[in-house]
Amino acid sequence: VSIPNNFDFSFSKNSFKKGDMIPENYFDCRRTTGAPPITTTFTKPMDQTMYQVSYNQEITVNTMGHQIFSADLVRDFEEIINAVKSVPTDGSIQGSLQSDLLGDYFDGMMTKIDKHIDAFVKEESTVGSKINRLELTINRLNDDKVNFTDLMSENEDVDMTEAIISLKAQEVVYNASLASSSMLMQKSLMDFLR
């Protein structure tokens, strides 16, 4: 079975009511009324919002609507609504028969609805895994913050008493080395030759 990559269809509609699907928003269209005919090219948006959540680590933070609400979902719900509206409610035999047939129809539609629910649950689990990943990243970054704060504290927070004692000890050693070298420099060549 080969599935065509694209297909053409035409329909005629004079006006759109609120809530109607406007084809230019979903498909490549050619409006044939009016002069000249207007061709509209639809580019399916795939705008994924990526955030850098850590060093060299990015995550997609949005979910595209078409991944949850497909045209099939809308079509299936429209079919159910139209089927329910077509059943007479006057208590006639025809209404009773159509009501029974409607039950069989609903059984068949449940398979389609289950597929839509599975797609929704799949996207919900994807969002849940992203949330878990972000929570782990937040915890790791908080731990890193504590570790780096401790390291900075060890480097920058010096005990002043200890630092002054160390400075004075090094100053004494430095002055002693200067004094001894100056004593050596005072000796002349004659002093060494004697």
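V127 meets each of the listed conditions (1) free of Cβ contacts under 8 Å to residues at least 60 places away in the same chain; (2) part of a helix (DSSP H, G or I); (3) hydrophobic (A, V, I, L, M, F, W, C) apart from (1). Restricting to segment 98-129, name every residue that is of a type outside the set (F, W, Y) and within 21 Å of the chain's Cα centre (by Cα). Selection gives D118, A119, V121, K122, E123, E124, S125, T126, V127, G128, S129.
Conditions tested, residue by residue: (1) touching a Leu at 6+ places or on another chain (Cβ under 6 Å); (2) of a type in the set (D, E); (3) modelled with pLDDT of 80 or more.
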residue	(1), (2), (3)
T43	no, no, no
D47	no, yes, no
Q52	no, no, yes
I59	no, no, yes
Q67	no, no, no
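Candidates G91, G95, G108, G103: the one that is at pLDDT below 85, touching a Pro at 6+ places or on another chain (Cβ under 7 Å) and either exposed (fewer than 10 other Cβ atoms within 10 Å of the Cβ) or assigned to a helix (DSSP H, G or I) (or both) is G95. In segment 52-77, of all residues being closer than 22 Å to I117 by Cα and charged (D, E, K, R), the one that is surrounded by the most Cβ atoms within 10 Å (Cβ to Cβ) corresponds to D76. Evaluate segment 115-132: report whether one residue or more is of a type in the set (D, E, K, R), surrounded by 10 or more Cβ atoms within 10 Å (Cβ to Cβ) and more than 30 Å from Y51 (Cα to Cα). Yes, there is a match, as at least one residue in segment 115-132 is of a type in the set (D, E, K, R), surrounded by 10 or more Cβ atoms within 10 Å (Cβ to Cβ) and more than 30 Å from Y51 (Cα to Cα).
The values are calculated or read from the model by the stated rules, or taken from the named source; none is laboratory data. Being a predicted model, the structure only gives us computed values, none of them experimental. Note that each Cβ is placed from the backbone with ideal geometry, even for glycine, and that neighbours are counted across all protein chains shown.
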